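Participant: One structure, pasted below without further comment.
The values are calculated or read from the model by the stated rules, or taken from the named source; none is laboratory data. All values derive from a computational prediction rather than experimental measurement. Here the Cβ positions follow ideal geometry from the backbone for every residue, glycine too, while neighbour counts run over all protein chains shown.
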Amino acid sequence: MIGPRCLAGALWRRAGGQSHVKLFLRGGSQLSSSPTQRCWRAAYSSDSAPSLPTDNTTPRTVEINGKTYTTDAWFNVSSTVLALTSRKLHLQKDHPVAITRKIVESVFPGPTYKYYNEFDPVVSTYENFDSLGFPPDHPGRARSDTYYINKDTLLRTHTSAHEAELFRARESGGYLISADVYRRDEVDRSHYPVFHQMEGARVWDRNQVPNGDLAAAIREDLARLPKHNVRVEDPNPPFHPERNPLQAEHHTPEEAAAVAAHLKHSLELMVNEIFSRAKAAAAKQSPVPSPEQQQETEPLRVRWVEAYFPFTSPSWELEVFYQGDWLEVLGCGVSKQELHINAGRPSQIGWAFGIGLERIAMLLFQIPDIRLFWSRDERFLRQFRGVEDDLARLRPFVPFSRHPACYKDVSFWLRGTSAAGGNDRKGVGAADWHANDLMEVVRDVAGDCVENVRLVDEFMHPKTGRRSLCYRINYRSLEKTLTNAETNEMHDRVVSALVERLGVEIR
Ligand code: PHE
């Protein structure tokens, strides 16, 4: 497992589940205060977006993809992130994210599946959370984790935000949504505040199947799917009363089992398609197979793991055995019947899944750093030309030179009192501190020149109780060698912005 949000399903599990559960709703960042009259435009014209104002003000309005939104005290989107809302990498011809999307689409053909690739990233808090049954105190709603335009409007954190409207529209038996999604997060080679997801769903209508026999109709559809030779480990029963319950009020065990079987087989076909292509590409690059590659000629191994999402039950994650490790690739489950009922379609039943595209593209093309996806460097882009129309041309990415890294540390004191205790002094109190706020400042000032940011030391003053933190910022450009002077200048700007925006006291 690589990290908390590398892929669709890994974030926000039920409390008490996995190691990366986020248990507590944390305080938000302090990036916003009194509104000014300024308006930030998110139209992307150059690689260098203007940085956040250093005077801690919030623009009164922001424009995203041609629409204007009014901000409030919840606003916490940096202009760097706003600028990325217009990139739409999943729609850029021959971009590895777009190629990955095409491969997934090929496994879910029309007319059964309809593709939606143009949904706007700005959605309501209701669509992103409430419509899916996220409780009011769910940690995913925190301002430290989610980009808000205002209290009721945000940058979607997942493509599931569009499930309710598509269940209501019922334009086809199934759908795929591809879109950019946004999450405040750490800085490293597999995390970026914007990434792309694909959401898939399939529904059947009780009133439209022969004799009303849903389970039989679903099983017939399952029998029509292509076969595969994937080695599947699925040790758990289709549902479990405590761990992974059947929605007994709405579904018979036969119906839920049929939906689960159709879901699992469909997704096994999808990962088989992706990983066969990855293996074929690697084999073309080095025609004499290494011992690992020889092993890889064996059938793909996958396993189903029980999971939890507020909007599916039972739920699973699919893991794939790849290069000696089990990799979590997607989250899925039987859709909660409340979603169909609230969409005015009580007779519908079905499944849904979500998958992170960068994670898959990194495997498929052997792309080592997530920042590369945003690069406009020809040395990156030209390697994928022509692949979208001819997938047989898919080859692993050949890295261009790796430029030297240079790390710098920054140590600071957090303000001593909690935010509630002393409003007269600006800055983040220890109780409100969230590392994502620091990550956001670093990204905003130094952009893609930062490879990763790590906490290297933490200290509590024994007498005053003040907390001190030391972060190590690793500067490395993907495109050029940074000079010492450039790195120092950038680091100085990062340090000033931390003082200015988060109110920390440099040691
Ligand atoms: N939206 C979920 C996530 O981003 C993934 C998911 C989609 C899970 C659909 C189940 C069904 O984590």
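Participant: Quick check on Arg454: is it at pLDDT 90 or above and either within 19 Å of Ile506 (Cα to Cα) or assigned to a loop (DSSP other than H, G, I, E, B) (or both)?
Facilitator: Numbers: at pLDDT 90 or above: yes; either within 19 Å of Ile506 (Cα to Cα) or assigned to a loop (DSSP other than H, G, I, E, B) (or both): yes.
Criteria met by Arg454.
Participant: Hey, another quick one. Being under 30 Å from Ser78 (Cα atoms) and away from the ligand (no atom under 12 Å from the Cβ) is the filter here; which residues of region 193-215 pass it?
Facilitator: Answer for region 193-215, where residues must be under 30 Å from Ser78 (Cα atoms) and away from the ligand (no atom under 12 Å from the Cβ): Pro193, Val194.
Participant: Which is assigned by TED's automatic domain parsing to the domain that holds Ile360 and within 30 Å of Asp205 (Cα to Cα), of His95, His162?
Facilitator: His162
Participant: Within region 65-122, can you find the residues that are assigned to a strand (DSSP E or B) and over 21 Å from the mean Cα position of the chain (by Cα)?
Facilitator: If the condition is that a residue be assigned to a strand (DSSP E or B) and over 21 Å from the mean Cα position of the chain (by Cα), then Lys67, Thr68, Tyr69, Thr70, Tyr113, Lys114 are the ones that fit.
Participant: Suppose we keep only residues that are free of Cβ contacts under 8 Å to residues at least 12 places away in the same chain and charged (D, E, K, R) within region 385-401. Which one would you say is surrounded by the fewest Cβ atoms within 10 Å (Cβ to Cβ)?
Facilitator: Only one residue tops the list, namely Asp390.
Participant: Pick from region 315-332 the residues that are away from the ligand (no atom under 14 Å from the Cβ) and among the charged types (D, E, K, R): which of them is modelled with the lowest pLDDT?
Facilitator: Checking each candidate, the answer is Asp325.
Participant: In the set Pro96, Pro121, which member is touching an Asp or Glu at 6+ places or on another chain (Cβ under 6 Å) and modelled with pLDDT of 95 or more?
Facilitator: Pro121
Participant: State whether the residues of region 486-497 include one that is at pLDDT 95 or above and under 26 Å from the mean Cα position of the chain (by Cα).
Facilitator: Within region 486-497 (the criterion being at pLDDT 95 or above and under 26 Å from the mean Cα position of the chain (by Cα)), the answer is yes, since at least one residue qualifies.
Participant: Return the pair list, or none, for Cβ contacts closer than 9 Å from residues in region 343-357 that are closer than 12 Å to Gly333 by Cα to residues that are more than 16 Å from the ligand (Cβ to nearest atom) and in a strand (DSSP E or B), at least 6 apart or on different chains.
Facilitator: Ile349/Trp204; Ile349/Asp205; Gly350/Trp204
Participant: Follow-up question, since we're still on this one. Restricting to region 333-364, what's the tally of residues that are away from the ligand (no atom under 16 Å from the Cβ) and buried (at least 24 other Cβ atoms within 10 Å of the Cβ)?
Facilitator: Matching residues across region 333-364 total 1.
Participant: Still on this structure, I have one more. Can you find, within region 187-205, the residue that is modelled with the highest pLDDT among those that are surrounded by fewer than 21 Cβ atoms within 10 Å (Cβ to Cβ) and acidic (Asp, Glu)?
Facilitator: Among residues in region 187-205 that are surrounded by fewer than 21 Cβ atoms within 10 Å (Cβ to Cβ) and acidic (Asp, Glu), the one modelled with the highest pLDDT is Asp205.
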